[in-house]
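One structure is given here, and the rest of the page talks about it.
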Amino acid sequence: MRDKDVRLAVRNHLEALHKDDVNTRIVEEMGVWSGSVRVDLAVINGELSGFELKSDSDTLQRLPMQAGIYSRVFDQVTLVVGRRHAEKATDIIPSWWGVMVAEQTDAGVVLDYHKCGSRNPSPDPILIAGLLWKEEALIVLEEHGLAAGWRSKPAKALHQRLAEELSFSDLSDEVRQALKSRVAWLRQPVSNMRDMPVQQQSRPLAPAPCAAGRDSVMLNAPVTPTRYA
């Protein structure tokens, strides 16, 4: 089972959930903590959800570090893991994370919900503000009348000011809106447009349902909900 097959299966699964939701965006390899760590897939809508992928060919060496950082940034996190790592990985991650198990079958890669996740109990406002590029942080400060005397400050200082001055709800809303409005990601110029429509690379998504029953998804096959674990 290849890493790229697991990634495609997860993306297909997410895209199938709410394909008509134009207010949701998916981003691959989204940087957090000044871009030093990249979550495999992020879903941005009314919440910020992260999906970290660990196929059977991966190791779990970086997972404790990743878990510590993602748990300070994302509203929800789901670990997608190969069957070989499922038990050990579940012992590493926080109890509120969700877990999906990816398994290679004759029909393709199948994803099964192993454990439903819940909402992050202790997000870090400074790290959430730190998801903003400096230009984006300045736009938010200006919108809230907080930019005077701060335009020449380094990005880290702007993030600190946002975290201190805005309510957590307002900060989260502003960060998600900025992330959804970005035209480019990896070290490319950011647009100042705040309400632009989601572009073609932004597929509509929503957090995966996690109720009674299992939702199995086969790579390169129609997504057919069956039952959740």
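The values are calculated or read from the model by the stated rules, or taken from the named source; none is laboratory data. Every value quoted in this text rests on a predicted model; they were computed, and no experiment measured them. Please note: Cβ atoms are built from the backbone with ideal geometry, for glycine as well, and neighbour counts cover all protein chains shown. For the accessible areas, the whole protein counts, side chains as well, though only heavy atoms, and no ligand, DNA or RNA atoms are used. Shrake-Rupley method; radii C 1.70, N 1.55, O 1.52, S 1.80 Å.
A few comments on the model shown:
- Magnitude of the charge dipole, segment 34-186, Cβ model with Lys/Arg +1 and Asp/Glu -1, debye to 20: 400 debye
- Packing-based order for 146-159, 108-121, using average beta carbon neighbours within 10 Å, highest first: 108-121, 146-159
- Solvent exposure of segment 47-189 as accessible area per residue, Å², 1.4 Å probe: 46 Å²
- Counting only protein heavy atoms and a probe of 1.4 Å, the accessible surface of segment 1-140 is 49% carbon and sulfur.
- Kirkwood radius for segment 80-190, taken over all pairs of different Cα atoms as the inverse mean of 1/r, rounds to 16.7 Å.
- Over every Cα atom in segment 1-160, the radius of gyration and the widest Cα-Cα span, Dmax, amount to 17.4, 62 Å.
- Placing dummy labels 7 Å off each Cα toward the beta-carbon, the span from Ser122 to Ser167 is 2.4 nm.
- Solvent-accessible ranking of Asp21, Asp75, largest area first, probe 1.4 Å: Asp21, Asp75
- In straight-distance terms, cross-link reach from Lys54 covers every one of the aspartates and glutamates whose alpha-carbon lies under 18 Å from its own, apart from those fewer than eight places away in the same chain; here that gives Asp3, Asp5, Glu28, Glu29, Asp40, Glu87, Asp91, Glu103, Asp112.
- Solvent-accessible ranking of Lys134, Lys180, largest area first, probe 1.4 Å: Lys134, Lys180
- Three-way shape label, segment 1-95, alpha-carbon gyration tensor, a/c 1.5: oblate
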